[in-house]
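Novice: Just passing along the structure, written as structure tokens.
The values are calculated or read from the model by the stated rules, or taken from the named source; none is laboratory data. All figures in this text were calculated on a predicted structure; none of them were measured in a lab. Cβ atoms come from the backbone with ideal geometry, glycine included; neighbour counts cover every protein chain shown. Protein only, heavy atoms only, side chains kept; ligands, DNA and RNA dropped before computing areas. Shrake-Rupley method; radii C 1.70, N 1.55, O 1.52, S 1.80 Å.
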Amino acid sequence: MTLKKKDIRSLSKEQLREFFLETGDKAFRGNQVYEWLWNKGAHTFDDMTNISKKSRDMLKDNFVINHIAVDSMQKSNDGTIKNAIRLHDGLLVESVLIPTKSRSTACVSSQVGCSLNCRFCATARLKRMRNLKPDEIYDQVVAIDKQSKLYNDRPLSNIVFMGMGEPLMNYNNVLKAIDKITADEGLGMSPKRITVSTSGVPKMIKKMADDQVKFNLAVSLHSAIDEVRTNIMPFNEHFPLSDLREALEYWYSKTTNRITYEYVVWKGINDTKEAVEALIQFCKFAPSKVNLIEYNPIDEGEFQQANNSAINMYLEMLEAKNIIVTIRRSRGKDIDAACGQLANKS
Ligand code: SAH
């Protein structure tokens, strides 16, 4: 019987130092290996060129390095790159690199599939298989950072948790991954450049506030009228807007951070004056920004992007109330890499 080797990345730096001490080596060797694993993205022990062959063999006898692998890569004609990422157990998630003139953004997944059932989102059609581990989230960022350097000559500037899954339903692992991303011995990125996007889980928004997190919060609102929101995002029945609003007020009272809302305007669903008025009522308690997202069709036309006059009505009415509003153009649509299109099609 062969013993299952342990994933070396589940060890803390201290545990690695102890391991080397116990094997008669210097504790410092643990720091070097840790750096290879977390900073230099080593996928094999033989990548660790400043570690002796003897030590590498010893590591091989005791551990495996569970890592992700880019299974396939598609490039959009706008420069967006969509990756199908294979996890160590064979499951797939998707991560996207979105380059613009001033930014290089990674859009990463937090779960395999999603348990929410937003009717307009392709990921909802995959049932949720499992939460990603902290290193699986971190590794996506490292992989996209490498692509950004390779193809665009610059490191990542921003990270958004807008890939597959609901990050607040895998909160602990997302938090651990962000800790690594922001740590000096990780990628040293500022939390101000990280945005966690949620469909709005009130209890977890309050927890984030209590935890005093430093990253940004975006809420996928899409409607501020319960009946409409429940129709397009059925879980709203269990987390109604009044609970979401209360949680956001709590978040704002603790953090005084601006809240971003993501919002798609659909024909016949939320393209009315009443819908905009409800949105204004909903977000006026705190400084807010509304991102009007272009709809990326995923079906045979059940949902359709509203026409320009409806979008202009949103712009005018929101601006009149001093709410910041931007229109976010879709990126990578031709390769199904845009918001809501991630469904392992490849
Ligand atoms: N579960 C999280 C993050 C993943 S979805 C959340 O709900 O925020 C990322 C964003 O894409 C959300 O704002 C979501 O509402 C939006 N989205 C989903 N499907 C879309 C589609 N077909 N077109 C445009 N945006 C979509």
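Novice: At a probe radius of 1.4 Å, what is the per-residue accessible area of HIS222, in Å² to the nearest 10?
Specialist: 10
Novice: Turning to a different aspect of this structure: Label GLU185 and ASP57 with points 7 Å out from Cα along Cα→Cβ: what is the distance between them in nm?
Specialist: 2.8
Novice: Does the chain come out rounded, prolate or oblate, given a ≥ b ≥ c as the square roots of the eigenvalues of its C-alpha gyration tensor, rounded meaning a/c under 1.5 and, failing that, prolate meaning a/b above b/c? Can you show the working numbers first?
Specialist: Values: a/c = 2.23, a/b = 1.92, b/c = 1.16.
Because a/c hits 1.5 or more and a/b exceeds b/c, the chain counts as prolate.
Novice: With the other protein chains left in place, how much accessible area per residue, in square angstrom, belongs to segment 92-146 at a 1.4 angstrom probe?
Specialist: Per residue, segment 92-146 has 36 Å² of solvent-accessible surface.
Novice: Starting from the Cα of LYS267, step 7 Å along the direction of its Cβ; do the same at ARG86; then give the gap between the two resulting points in nm.
Specialist: 4.2
Novice: Moving on to the next point. Return the FRET efficiency for the residue pair ARG103, GLU237: r is the Cβ-Cβ distance, R0 is 35 Å, and the value is rounded to the nearest 0.05.
Specialist: 0.45
Novice: Turning to a different aspect of this structure: Using only the Cα atoms, what convex hull volume per residue in Å³ does segment 147-238 have?
Specialist: Dividing the Cα hull volume of segment 147-238 by its residue count gives 119 Å³.
Novice: PHE303: accessible area at probe 1.4 Å, nearest 10 Å²?
Specialist: Here the residue's solvent-accessible area equals roughly 10 Å².
Novice: Arrange the peptides 331-338, 107-114 so that the one whose residues have, on average, the most other Cβ atoms within 10 Å appears first.
Specialist: 107-114, 331-338
Novice: First check a/c for segment 6-64, with a ≥ b ≥ c the square roots of the eigenvalues of its C-alpha gyration tensor; if it is under 1.5, answer rounded, and if not, answer prolate when a/b is larger than b/c or oblate otherwise. Each step should come with its number before you reach the end.
Specialist: On the way: a/c = 1.29, a/b = 1.13, b/c = 1.14.
Cα axes put segment 6-64 in the rounded bin.
Novice: By the gyration tensor of its Cα atoms, with a ≥ b ≥ c the square roots of the eigenvalues, what is the shape of segment 84-157: rounded for a/c under 1.5, prolate for a/b over b/c, or oblate?
Specialist: Oblate is the answer for segment 84-157, as a/c is 1.5 or above yet b/c matches or exceeds a/b.
Novice: Here is a follow-up. Quote to one decimal, in nm, the extra length available between ASP47 and ASP7 on full extension: 0.36 nm per residue of separation minus the C-alpha distance between them.
Specialist: 12.7 nm
Novice: With every protein chain present, what is the per residue accessible area of segment 6-64 (1.4 Å probe, Å²)? Don't skip to the end; give the middle numbers.
Specialist: Working: 3220 Å² over 59 residues.
Counting only protein heavy atoms, the per-residue value for segment 6-64 is 55 Å².
Novice: Okay, moving on. Using the heavy atoms of the protein chains and a 1.4 angstrom probe, tell me the accessible area per residue for segment 209-336 in square angstrom.
Specialist: Heavy-atom SASA per residue in segment 209-336 reads 47 Å².
Novice: Roughly to the nearest percent, how much of the accessible area of segment 136-209 is carbon and sulfur, given a 1.4 Å probe?
Specialist: The C+S portion of the solvent-accessible surface of segment 136-209 is 51 percent.
Novice: Share of segment 60-135's accessible area from carbon and sulfur, percent, 1.4 Å?
Specialist: 50
Novice: About the Cα centre, and with charges only on the beta carbon of Lys, Arg (+1) and Asp, Glu (-1), how big is the dipole of the chain? Nearest 20 debye, please.
Specialist: Roughly 760 debye for the chain.
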